Amino acid sequence: MTTAAQSSIDNRKSKISLYWSLTKPLQSGLLLATGLAGYMSARCPVFNVGTILGLAGSLFLAIAGSTVLNMWWDRDIDAKMGRTQKRATSSGAVTENEVLRVGLILSVVGVGWAVAMDALYGLIVFAGLFFDVVVYSMWLKRRTAWSIVWGGISGAMPILAGRALGLGVVDWIGLTLALGILFWIPTHTLTFSMKFAKDYAAACVPTFPSTYGLAATRATIAISSVLAALAMVIAGYGIGMDWGFLRLLGVLSAGLLMLAVAITFKPSERVNFGLFKYASIYMLAAMILVVIEVM
């Protein structure tokens, strides 16, 4: 192989790596896990391999596409924040037009694939992308701290979409699972906004801590944690979880609540970071419980 050919291959690998990082694989993977759990919660046979692969592929592409588009839109404020200055979009490692094209292609293919599988499923996937990119990022993120509610609605769409694909309808259990995600997201994002308050201030992005103060933010985290745990337990009962699994979900929820109480009455950087990490572990564990229980 010639040096020029090897250099071309290396450049392509480097570009792919850059775009892969723009999809936020861990965050996208967690949302994808909720979608798969939503589908399995409808007690769909695990051997529906074609449908599961279609769900995974279409949902991941739609989530990744919306994330890349968010990166494209936020490239100016990302350049002002220490934790995001090295992103490919804000550092100039990729061009604006390239990022926009990739985001649009991923989004169109993901949503189109979802619609081809099932109209209702596709509509919910599109709604998630629309709320995330247009309503949350483009319209509200730079205007109000309450943008996280709309971002939360977007984050709740994958699990609702998965269950709707399994059932063919939207039911109360799917809505309750979605509420569990919606109420969980403030626990995750508000702890993050407290940790990186200076970054958000430098970019002039309004957050709950900067708008309402730390005490109100911690109270909001505690309340949202209670509601998230309650919604997940109710949904688990509605799915028909075995009492053993339901008790384990209750124990996991209790851990979330204890950390929420701790951050309210004994706030510290350590507790704040612990709650941020545990929130992701809690949601992933809850989704795994749903999948294991219905298999």
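The values are calculated or read from the model by the stated rules, or taken from the named source; none is laboratory data. Computed from a predicted model, the values in this text were never measured in an experiment. Glycine also receives a Cβ, built like all others from the backbone with ideal geometry; neighbour counts cover every protein chain displayed.
Let's see how each residue does on (1) surrounded by 22 or more Cβ atoms within 10 Å (Cβ to Cβ); (2) on the phi > 0 side of the Ramachandran plot; (3) of a type outside the set (F, W, Y):
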residue: I63; (1), (2), (3): yes, no, yes
residue: V68; (1), (2), (3): yes, no, yes
residue: M71; (1), (2), (3): yes, no, yes
residue: R75; (1), (2), (3): no, no, yes
residue: M81; (1), (2), (3): no, no, yes
residue: R87; (1), (2), (3): no, no, yes
residue: G92; (1), (2), (3): no, yes, yes
residue: L100; (1), (2), (3): no, no, yes
residue: V109; (1), (2), (3): no, no, yes
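It is to be established whether one or more residues within the range 177-187 are under 22 Å from E293 (Cβ atoms), modelled with pLDDT of 90 or more and in contact with a Lys or Arg (Cβ under 8 Å, 6 or more places away or on another chain).
So far as the range 177-187 goes, yes, one or more of its residues are under 22 Å from E293 (Cβ atoms), modelled with pLDDT of 90 or more and in contact with a Lys or Arg (Cβ under 8 Å, 6 or more places away or on another chain).
Given the conditions (1) in a helix (DSSP H, G or I); (2) touching a helix residue (DSSP H, G or I) at 6+ places or on another chain (Cβ under 6 Å); (3) among the basic types (K, R), report the number of the one that R43 does not fulfil.
(1)
Could you give me the residue pairs with C-beta distances under 9 Å whose first residue belongs to the range 102-131 and is of a type outside the set (A, V, I, L, M, F, W, C), whose second residue is in a helix (DSSP H, G or I) and surrounded by fewer than 17 Cβ atoms within 10 Å (Cβ to Cβ) wherever it lies, and which are 6+ apart or on separate chains?
Short answer, once both residue conditions are applied: G110/G57; Y121/V115; G122/G112; G122/V115; G122/A116.
Can you tell me which residue within the range 23-63, out of those that are touching a Lys or Arg at 6+ places or on another chain (Cβ under 8 Å) and not polar (S, T, N, Q), is nearest to M283 (Cα to Cα)?
My answer is G38.
If a residue has to be in contact (Cβ under 8 Å) with a residue 40 or more places away in the chain, more than 30 Å from W243 (Cβ to Cβ) and part of a helix (DSSP H, G or I) to count, how many in the range 261-294 make the cut?
6
Within the range 78-86, does at least one residue satisfy the condition of being within 23 Å of E98 (Cβ to Cβ), part of a helix (DSSP H, G or I) and of a type outside the set (D, E, K, R)?
Checked the range 78-86: no residue is within 23 Å of E98 (Cβ to Cβ), part of a helix (DSSP H, G or I) and of a type outside the set (D, E, K, R).
Consider G274 carefully, then state whether it is closer than 21 Å to A219 by Cα and either out of contact with any Asp or Glu (no Cβ under 6 Å at 6 or more places or on another chain) or not aromatic (F, W, Y) (or both).
So G274 passes the test.
From the list A222, A202, exactly one residue is closer than 29 Å to I77 by Cβ and at pLDDT 90 or above. Which is it?
A202 is the lone residue from the list that is closer than 29 Å to I77 by Cβ and at pLDDT 90 or above.
R163: among the basic types (K, R) and outside any loop (DSSP other than H, G, I, E, B), yes or no?
yes
Of all residues in the range 35-77, how many are in contact (Cβ under 8 Å) with a residue 40 or more places away in the chain and among the charged types (D, E, K, R)?
So the count comes out to 2.
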